[in-house]
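The values are calculated or read from the model by the stated rules, or taken from the named source; none is laboratory data. Being a predicted model, the structure only gives us computed values, none of them experimental. Positions of Cβ are generated from backbone atoms using ideal geometry, with glycine treated the same way; all protein chains shown enter the neighbour counts. Heavy atoms of the whole protein, side chains included, go into the accessibility calculation; ligands, DNA and RNA do not. Shrake-Rupley method; radii C 1.70, N 1.55, O 1.52, S 1.80 Å.
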Amino acid sequence: VTANPEPTYLYAITRVDPGGYPDAVEAAWPSAIDGTSPVTLVAHQDLAAVVSRAPLAQLSSLPLDDLSETSPLAGLARRHDAVVRAAFERAAVLPFRFGTLLPDRGAVAALLRERSSALRAALDRTDSHREWGVRLSETGSPATRQSAPRSSMHNQPTQSTSGTAYLTRRRAELVAVRARSDVLRQAALDVHQAFDVQARESTVRPEGPRAGVVLDACYLVSTTKEAQFLSTAQRLCAEYRDLEIRLEITGPWPPYSFVALAPLMGGHD
Amino acid sequence: MNGAHPAISTGSQGSLADILERVLDKGVVIVGDIVVSVLDVELLSLKLRLFVASAQTAQEMGLDWWTRDPFFTSGAPAPVSRSGAAAPLEPPLPAPALERTASELTAENADLRRRITALEQQFGIGLADQKLQA
């Protein structure tokens, strides 16, 4: 990469009306990722990349150990998300991964030109759809869930003097644990199926790492089916509350989790 | 529809972890010489997974190994194979003497029973067995 004075930060690819570009589309963007620069578009026919000046210093000096709410990363990520959302309110978007930079606007235009058919196909796939996050978890913190068995073990000598009684009680507890984990597993399957049939696509995160979470999934839902999707959510929410299982829904999100596009190759002359 | 459901946070900005999981882990990736690289997003993504998993960090470090043994804690999760890219960062779990497999314990139990029976017969005090047989 040759040295270039105008590295460009990319938020998303979206569609524009070639006739209306650029005035109408550039009207009211939130602030760029650096908090001050304007957000602009690089267009090629009906495709446009949402870009801004790259905050090179902020990104290269980003402390990677601080992921707290007040960290520099939090501010940058929220502003990145805000720009993607603003684009998504206008039209379908393909969000870029955080921190995507190209040397200049010319390289962005070249990317749109060279990959236009793949980009259009990907935009068509998610057009008029929004992403919803679903998380199913046990009610209460891990500490709360484990306090009962721990205290029962510690209290054991005062409750019972018989080793056999202790072992019998432990066996009963193990049976209860197995029954509970069966309930949770079944709940995860049922909830996923209930949402999956209403979604165009879905992704389920592998088990862990969140403590107590038995299902962590995302669904790509047509805007015409959202009311039904949310009413299902409301019903399941009440149903599982009685079983001490919490159903959380987040969204709507731009289709972050459904950008099924092979990595775009750049830099080929 | 917004705000109609207690556990449904629609239209909100989303929690930081929810946003980071999406912007760091997902999205279109450009590869090749043309990309300007000033930030290790892969490393950030790994750190995020560890951060989100912090509640379980103590367990993964083996500091409270017994909470993972169903016999000691009914709240212990069934052993699962850890997946995800965070795994290589985890230090190998220590293997405390008490953390043994069920088959090892069963074998040890059987061995101890044999030795007790042998001792009881040697000293002529196999009372428990006689009662059971009676």
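Summary of values
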item	result
Candidate set: segment A:85-98, residues that are part of a loop (DSSP other than H, G, I, E, B) and more than 9 Å from every other protein chain (Cβ to nearest Cβ); chosen: the one surrounded by the most Cβ atoms within 10 Å (Cβ to Cβ)	A:ALA92
The lone exception for A:LEU101 - which of (1) at pLDDT 90 or above; (2) open to solvent by 20 Å² or more (accessible area, probe 1.4 Å) it fails	(2)
Pick from segment A:67-81, criterion within 9 Å of chain B (Cβ to nearest Cβ) and open to solvent by 30 Å² or more (accessible area, probe 1.4 Å), ranking: nearest to A:THR223 (Cα to Cα)	A:ARG78
Checklist (1) at pLDDT below 80; (2) within 7 Å of another protein chain (Cβ to nearest Cβ) applied to B:LEU63, failing item	(2)
Residue check for A:ARG145: among the charged types (D, E, K, R), more than 22 Å from the chain's Cα centre (by Cα), open to solvent by 60 Å² or more (accessible area, probe 1.4 Å) and modelled with pLDDT under 80	yes
Count of residues meeting criterion [outside any loop (DSSP other than H, G, I, E, B), open to solvent by less than 30 Å² (accessible area, probe 1.4 Å) and at the interface with chain A (Cβ under 7 Å from one of its Cβ atoms)] in segment B:23-51	7
Test: residue in segment A:237-254 that is farther than 26 Å from A:LEU184 by Cβ and in a helix (DSSP H, G or I)	no
Where A:ALA194 falls short, out of the listed (1) small (Gly, Ala, Ser); (2) touching a residue at least 24 places away in the same chain (Cβ under 8 Å); (3) open to solvent by 40 Å² or more (accessible area, probe 1.4 Å)	(3)
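Results for (1) farther than 23 Å from A:VAL93 by Cα; (2) buried (at least 19 other Cβ atoms within 10 Å of the Cβ), shown as yes or no for each residue.
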| position | (1), (2) |
| --- | --- |
| A:ARG200 | no, no |
| A:CYS218 | no, yes |
| A:THR223 | no, no |
| A:LEU243 | yes, no |
